[in-house]
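The values are calculated or read from the model by the stated rules, or taken from the named source; none is laboratory data. Just so it is clear, the structure is predicted and the values come from calculations on it, not from any experiment. Cβ placement follows ideal geometry from the backbone for every residue including glycine, while neighbour counts extend to all protein chains displayed.
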Amino acid sequence: MESQTKNCQNCKKDFVIDSEDFDFYEKMSALGGSALGGKVPAPTWCPECRAMRRFAARDFRVMYKRKCDWSGENIFSIFSKNSPYKVYERDIWWSDKWDAVEYGQGYDFTKTFFEQLKELTFKVPQPGQTAWNLVNSDYCAGSNNLKNCYLVFVSTNNEYCMYSSWINKSRNSIDVTRAESSEGCYESFGLIKVSKAFFSSDCEDCVDVWFSKNMQGCMNCVGCVNLRNKQYHIFNQSYTKEEYQKKFLEFDFASFKNLENFSTKAEEFLSKSIVRCVQGKHNFNVSGEYINNSKNVRSSYYVQNGEDCKYVQHLMTPSSKDCMDFSLWGQNAELIYETSSSGEDSSRVKFSYRTYRNARDCTYCMQCSGSSNLFGCVGLQKKQYCILNKQYTKEEYEALVPKIIEHMNEMPYIDKKQRIFKYGEFFPAEILFFPYNDTLAFSYFPMTKDEALTEGYVWEDPEEKNYKVTLETEKIPDHIKDLKNEILNELIECAHKGQCSCRCTTAFKITKQELDFYRANNIPMPRLCHNCRHVRRTKNQRSMKLWNRKCAKCQSDIETSYAPERPEIVYCESCYNNEVA
């Protein structure tokens, strides 16, 4: 089919559906037989709006104390005590003490499909944390295979890490976002096989780098940018080993005052350097930002080992293949469409949220694992041929699903903004589990409370804190050598004092694990809470959106995540590689 231009029913902007997109829709329509699969229609929302509503399905870096609706005991949960949903403690939810099929309901052709699905979500318990294989890591979410970790999110296979997100196969690190196979790092972003990176970003195969950016194969560097296989450099200037060590000691980064002053100088130096139009390597025929080791991945963001994908985001665990409009996870996922948070050997999943662990042929499902041939189900494990959690025979299932799809098209759900949700649309805002400001969407598509409520989302107002601060920011010792063990007993004031948009906790404590880390690496303790540190650390993360502009050197046309009005000196891939090689 030829390309078509449509008008987004959400933002009212025009967008293009390519011929290759129609080929993918046909492929998804044919799964399980054309009648059973239901013809997958072309989207009515533009790619950006589609990504936003998928991100709005996913909780991110927010946890609460509340009671378990099974035991009545206090638990740490991704659902607040104000949430209307029934919540079970993680281990109970995964146990065989209950069965979500018990909440099954027959399909009612007098109501819209989404009304009935919403009713089901209020009945079926949800897990307090979406995590498994945790050892001494109870205060983590969206993660698995963690040991001795604290407040780590969307991560896997880590040990002794704290206050971090999107990290894999890493250990002994604090305040790190986006790290793979790294160790001993602090306040850094975008690391691959790095040991001891501090206040640095986008570094690979590096050791002992401070306040540096876009480095590869480097050791013992401070305030450097765009270096390859260098050692003993400060502000990109070479020094002997003895000169470097002397100057490094003079910097005395163990002093908070010295650290902040140097950070300002480093930021000014780094801002004058050239930047590559997009970050990524080892790719063939790709477009987007932060894409690596991929082939035929188009208009996407943060993809590792992807193949034949389009409009996908945050697929960082190998690998994902033949997917479209798919956000978060991956790990041997295939043939996934308009779905948020699916993975681990799952395939043929459409319009779903958190379907994983070998989930197959699932449509409009939420929090289902190890299951196949489900339609409109919530919380099922190792089930098949179910609709709205009610068990059917294979023949009954295959006869009823096409009728439901036809009913969805003839009697669509219409939200309060008059947006129409037929078969083929992702869940309306009213069906999603989390307040907008608790989701990943809030980070990438920020809204005010009034804007979110107008769009149909809910909002979680910050709980009023009655903390009694015992140590004000200004009274924290400047130098790490002056920090006594008594700091572990203090409730420390966050320097932002809640006067920011970072979900500031207003006060925080530090643990012995943290204190030992600061002392071992000779760095001062932070003055901000972990939420404010996260926002500051990721403020320079590249955008999902791409713009057309000219290479600053050769004037060729380039596509980049740097908007034309931004001051960065942007080079095309070829010019950048020639400059920094």
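Could you grab me the full set of residues in the stretch 315-327 that are modelled with pLDDT of 95 or more and buried (at least 24 other Cβ atoms within 10 Å of the Cβ)?
Quick first cut of the stretch 315-327, residues modelled with pLDDT of 95 or more only: 321-327.
Cys323, Met324, Asp325, Phe326, Ser327, listed by residue number.
Could you run through the stretch 466-486 and say how many residues are under 33 Å from the mean Cα position of the chain (by Cα), over 13 Å from Arg527 (Cα atoms) and either of a type in the set (S, T, N, Q) or not in a loop (DSSP other than H, G, I, E, B) (or both)?
1
Provide a single number: the residues in the stretch 95-122 that are hydrophobic (A, V, I, L, M, F, W, C) and closer than 19 Å to Ile420 by Cβ.
Residues of the stretch 95-122 that are hydrophobic (A, V, I, L, M, F, W, C), as a first pass: 98, 100-101, 109, 113-114, 117, 120, 122.
Those left that are additionally closer than 19 Å to Ile420 by Cβ: 109, 113-114, 117.
Final tally of qualifying residues: 4.
For Phe269, indicate whether it is assigned by TED's automatic domain parsing to the domain that holds Asn214, closer than 30 Å to Lys550 by Cα and touching a residue at least 24 places away in the same chain (Cβ under 8 Å).
Details: assigned by TED's automatic domain parsing to the domain that holds Asn214: yes; closer than 30 Å to Lys550 by Cα: yes; touching a residue at least 24 places away in the same chain (Cβ under 8 Å): yes.
Considered against the rule, which asks whether it is assigned by TED's automatic domain parsing to the domain that holds Asn214, closer than 30 Å to Lys550 by Cα and touching a residue at least 24 places away in the same chain (Cβ under 8 Å), Phe269 comes out as yes.
Restricting the search to the stretch 240-252, which residues are under 28 Å from Val275 (Cα atoms) and not in a helix (DSSP H, G or I)? Lay out the reasoning, then the answer.
Restricting attention to the stretch 240-252, the residues satisfying the condition of being under 28 Å from Val275 (Cα atoms) are 240, 244, 247-248, 251.
Selection gives Thr240 alone.
Quick one: count up the residues across the stretch 64-119 that are touching a Leu at 6+ places or on another chain (Cβ under 8 Å) and of a type in the set (Phe, Trp, Tyr).
Going through the stretch 64-119 one residue at a time, the tally reaches 2.
When only residues in the stretch 87-102 that are crowded, with 17+ Cβ neighbours inside 10 Å and touching a strand residue (DSSP E or B) at 6+ places or on another chain (Cβ under 8 Å) count, which is modelled with the lowest pLDDT? Steps first, please.
Restricting attention to the stretch 87-102, the residues satisfying the condition of being crowded, with 17+ Cβ neighbours inside 10 Å are 87-90, 92-93, 100.
Still in the running and touching a strand residue (DSSP E or B) at 6+ places or on another chain (Cβ under 8 Å): 87-90, 93, 100.
Working: Val87: 98, Tyr88: 98, Glu89: 96, Arg90: 93, Trp93: 96, Ala100: 98.
Here the residue is Arg90.
Which of (1) touching a strand residue (DSSP E or B) at 6+ places or on another chain (Cβ under 6 Å); (2) under 23 Å from Phe262 (Cα atoms); (3) surrounded by fewer than 20 Cβ atoms within 10 Å (Cβ to Cβ) does Leu483 not meet, given it meets every other one?
(1)
If you scan the stretch 118-159, which residues turn out to be in contact with a Phe, Trp or Tyr (Cβ under 9 Å, 6 or more places away or on another chain) and assigned to a strand (DSSP E or B)?
Gln126, Pro127, Trp132, Ala141, Ser143, Asn144, Asn145, Lys147, Tyr150, Leu151, Val152, Phe153
Does any residue of the stretch 163-179 turn out to be buried (at least 19 other Cβ atoms within 10 Å of the Cβ), out of contact with any Cys (no Cβ under 9 Å at 6 or more places or on another chain) and β-branched (Val, Ile, Thr)?
yes
Taking the stretch 73-95 as the region of interest, how many residues are part of a strand (DSSP E or B), polar (S, T, N, Q) and more than 23 Å from the chain's Cα centre (by Cα)?
Initially, the stretch 73-95 is screened for residues part of a strand (DSSP E or B), giving 74-77, 87-88.
Subsequent filtering for residues that are polar (S, T, N, Q) retains 74, 77.
Then keep just the ones that are more than 23 Å from the chain's Cα centre (by Cα); that gives 74.
Qualifying residue count, the stretch 73-95: 1.
Can you name the condition, by its number, that Ser501 falls short on among (1) in a loop (DSSP other than H, G, I, E, B); (2) of a type in the set (Ser, Thr, Tyr); (3) within 30 Å of Gln418 (Cα to Cα)?
Tallying (1) in a loop (DSSP other than H, G, I, E, B); (2) of a type in the set (Ser, Thr, Tyr); (3) within 30 Å of Gln418 (Cα to Cα), Ser501 fails exactly one: (3).
Among (1) crowded, with 16+ Cβ neighbours inside 10 Å; (2) over 27 Å from Asn485 (Cβ atoms); (3) at pLDDT 95 or above, there is one condition Tyr518 misses while meeting the rest; what is its number?
So Tyr518 meets the others, but not (2).
All but one of (1) more than 26 Å from the chain's Cα centre (by Cα); (2) part of a helix (DSSP H, G or I) hold for Met525; which doesn't?
(2)
Return only the number of the condition from (1) in a helix (DSSP H, G or I); (2) of a type outside the set (Gly, Ala, Ser); (3) over 23 Å from Tyr311 (Cα atoms) that Lys416 does not satisfy.
(1)
Residues in the stretch 105-124 that are crowded, with 21+ Cβ neighbours inside 10 Å and either charged (D, E, K, R) or more than 17 Å from Tyr413 (Cβ to Cβ) (or both): how many?
1
Which of the residues that make up the stretch 452-506 are over 20 Å from Lys81 (Cβ atoms) and of a type in the set (S, T, N, Q)?
Thr454, Thr470, Thr473, Asn485, Asn489, Gln499, Ser501
Just to verify a result, which residue in the stretch 360-375, among those that are more than 21 Å from the chain's Cα centre (by Cα), on the phi < 0 side of the Ramachandran plot and not basic (Lys, Arg), is surrounded by the fewest Cβ atoms within 10 Å (Cβ to Cβ)?
For the stretch 360-375, the residue satisfying everything is Ser372.
For the stretch 176-239, list the strands (runs of 3 or more DSSP E) that sit wholly inside it and hold at least 2 residues that are touching a residue at least 40 places away in the same chain (Cβ under 8 Å); which are they? Break it down stepwise before answering.
Values: elements: 186-192, 195-198, 201-204, 207-210, 213-216, 219-222, 231-234.
In the stretch 176-239, the matching strands (runs of 3 or more DSSP E) lie at 186-192, 195-198, 201-204, 213-216.
Would you confirm whether any residue within the stretch 215-230 is buried (at least 24 other Cβ atoms within 10 Å of the Cβ), of a type in the set (Lys, Arg) and either at pLDDT 95 or above or over 27 Å from Asn531 (Cβ atoms) (or both)?
No - not one qualifying residue is present in the stretch 215-230.
Being out of contact with any Cys (no Cβ under 7 Å at 6 or more places or on another chain), among the aromatic types (Phe, Trp, Tyr) and part of a loop (DSSP other than H, G, I, E, B) narrows it down to one of Tyr25, Tyr107, so name that one.
Values: Tyr25 fails: part of a loop (DSSP other than H, G, I, E, B).
Criteria check complete, one pass: Tyr107.
Before we move on, is Tyr150 more than 30 Å from Phe421 (Cβ to Cβ) and surrounded by fewer than 21 Cβ atoms within 10 Å (Cβ to Cβ)?
Values: more than 30 Å from Phe421 (Cβ to Cβ): yes; surrounded by fewer than 21 Cβ atoms within 10 Å (Cβ to Cβ): yes.
Criteria met by Tyr150.
Every residue in the stretch 1-22 that is in a strand (DSSP E or B) and touching a helix residue (DSSP H, G or I) at 6+ places or on another chain (Cβ under 7 Å), please.
Applying the first criterion (in a strand (DSSP E or B)) to the stretch 1-22 yields 4-7, 14-17.
Scanning the stretch 1-22 gives a single hit, Phe15.
Against the condition within 27 Å of Pro47 (Cβ to Cβ) and without any contact (Cβ under 8 Å) to a residue 40 or more places away in the chain, how does Gln367 come out, does it pass?
Details: within 27 Å of Pro47 (Cβ to Cβ): yes; without any contact (Cβ under 8 Å) to a residue 40 or more places away in the chain: no.
Taking the combined requirement at face value, the residue does not satisfy it.
Is it true that some residue in the stretch 63-72 is under 29 Å from the mean Cα position of the chain (by Cα) and closer than 30 Å to Pro402 by Cβ? Talk me through it step by step, then tell me what you get.
Restricting attention to the stretch 63-72, the residues satisfying the condition of being under 29 Å from the mean Cα position of the chain (by Cα) are 63-69.
The next check asks that each one be closer than 30 Å to Pro402 by Cβ; those that pass are none.
The answer is no, given that none of the residues of the stretch 63-72 is under 29 Å from the mean Cα position of the chain (by Cα) and closer than 30 Å to Pro402 by Cβ.
For the stretch 422-458, give me the residue count where each residue is hydroxyl-bearing (Ser, Thr, Tyr), part of a helix (DSSP H, G or I) and under 20 Å from the mean Cα position of the chain (by Cα).
At the first step, the residues of the stretch 422-458 found to be hydroxyl-bearing (Ser, Thr, Tyr) are 423, 436, 439, 443-444, 448, 454, 457.
Still in the list and also part of a helix (DSSP H, G or I): 436, 443-444, 454.
From what's left, under 20 Å from the mean Cα position of the chain (by Cα): 436, 443-444.
Number satisfying all stated conditions: 3.
Quick one: in the stretch 21-42, of everything that is loosely packed, with under 14 Cβ neighbours inside 10 Å and modelled with pLDDT of 80 or more, which residue is nearest to Tyr397 (Cα to Cα)?
Once the filter is applied, the top-ranked residue is Ala30.
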